[in-house]
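Reviewing the structure listed below.
The values are calculated or read from the model by the stated rules, or taken from the named source; none is laboratory data. No experiment lies behind these values; they were computed from the predicted model shown. Positions of Cβ are backbone-derived with ideal geometry, glycine not excepted, and every protein chain shown enters the neighbour counts. Side chains included, ligands, DNA and RNA excluded: accessible areas come from the protein's heavy atoms. Shrake-Rupley method; radii C 1.70, N 1.55, O 1.52, S 1.80 Å.
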Amino acid sequence: MNSGTRIRAGVVGVGHMGCYHVGVYSDLPEVDLVSVVDLDGDRARAVAKQYETQVATDYREIMDQVDVVSVAVPTHLHFQVARDFLEAGVHVLLEKPAAPTLAEAETLFKLARRKGRVLQIGHVERFNGAVQELNKIVRDPILIDCRRMGPFEPRVQADGVVLDLMIHDLDIVLSLVNAPVRSCHATGTRVFSSREDVAIVSLTFETGCIAVLTASRATQEKIRTLSVTQKDAYIVLDYANQDIHIHRQASSEHVLTHEELRYKQGSLIERIFVHKDNPLKLEIRALLHSAANGLGSNASYDGELLSLKLALQILSKLEDQGVAPP
């Protein structure tokens, strides 16, 4: 695919997440949205009509019609669908997690390298403007606290919260600390489904940094936050609002009266300017840039697999506790 030519794109799986991909491709002037694909013909036709594109119920029908494809099918189908497109010479944006097993994910990346094609995993939070600014600020973290919580959605039951939600934060935390994990402790519980609906994980890194990650789909408020403690600052990131606040030079005092004991705390709070854009749009643009400039064969998959490997280790611990099914 030559830089400067229009790129032919398709989306396989037009459920909740897949429809977001369709919307982004349709808005990009350098892209021709060739087709949408879904086993549910009625749903596929409705989306195709909305975006004035073609429709198919079998992804193999479009493999010779597209240069890039977003794959947003259920996790257990990721390997088969992504493999077939890569074999056909198509660049692939594969929604997370890459595959249900580490072996399948490794096979996909090796295939992409052999074919000289891009395989990009949908870690969309990497493209959140606040996360990109956070990477410039964090130095030698001591404590990281991640909370990704919200109400239960019946449409998401194939995966538990570790692969559905927590894997985003695992990916970001591993990038921020950039050191091996020394120990991992996990606990969780089922609430609404046969898989873990709540999971709490504590990681200790070789640097001494501790990360505590909470994922829940049993919480009646949507929370997407990450906070970092380092020697000179306390940094709070809000994924949803793409905001970062830095607290410095904290002080506290208490006042004792006959009626009560009151505590006061103060600090200098700095709000970081964040360029806000649609993270999925930035993610897809990164795919298109890599595809157009022949960067596929240079992709290193070792780092891409770290979050999946750790997520699967956490699931194994939950399985041992009878929380997650084997």
Can you tell me the 0 to 90 degree angle between the C-alpha axis of helix 16-27 and the longest principal axis of the chain, rounded to 10? 70
Per DSSP loop assignment and a cutoff of at most 14 other beta carbons within 10 Å, the chain keeps its longest run without exposed GluC sites (Glu not before Pro) at 53-205
Suppose each label sits 7 Å from its Cα in the direction of the beta carbon; what would the Val212-Ile137 distance come out to in nanometres? 2.1
Express as a percent, rounded to the nearest 5, the fraction of DSSP beta bridges in the chain (both residues included) that run antiparallel. 60
Helix 167-177 against the longest principal axis of the chain: what's the angle in degrees, Cα atoms only, rounded to the nearest 10? 60
Long-range amide H partners of Gln230 with built H, under 5 Å: Ile142, Ile235
Report, by chain and number, residues whose modeled amide H sits under 5 Å from the one on Ile223, excluding near sequence neighbours (fewer than 5 apart, same chain). Met149, Gly150
Here are some pairs, Lys49/Lys110; Lys276/Lys317; Lys49/Lys281; Lys110/Lys276; Lys222/Lys281; Lys110/Lys281; which of them have Cα atoms lying more than 28 Å apart in this structure? Lys49/Lys110; Lys276/Lys317; Lys110/Lys276
Give me, ordered by chain and number, the residues 5 or more places off Val55 or on other chains with an amide H under 5 Å from its own placed amide H. Val36
Filter the trypsin sites (Lys or Arg not before Pro) in the stretch 1-78 to those in DSSP coil with at most 14 other Cβ atoms within 10 Å of their Cβ, and list the result. Arg6
How many times 2.2 N^0.38 Å is the alpha carbon radius of gyration of the stretch 33-127? 1.08
Could you do me a favour and compute the accessible area per residue for the stretch 2-66, 1.4 Å probe, result in Å²? 53
Can you pull the accessible area of His275 for me, 1.4 Å probe, Å² to the nearest 10? 130
Given Cα positions, please report Rg to Rh for the stretch 173-223, the hydrodynamic radius being the Kirkwood one. 1.08
Estimated FRET transfer efficiency when R0 is 45 angstrom, pair Gln54-Lys110 (beta carbons, to 0.05): 0.90
Need one number: nm distance between label points at Asn241 and Leu268, each 7 Å from Cα along Cα→Cβ, rounded to one decimal. 2.2
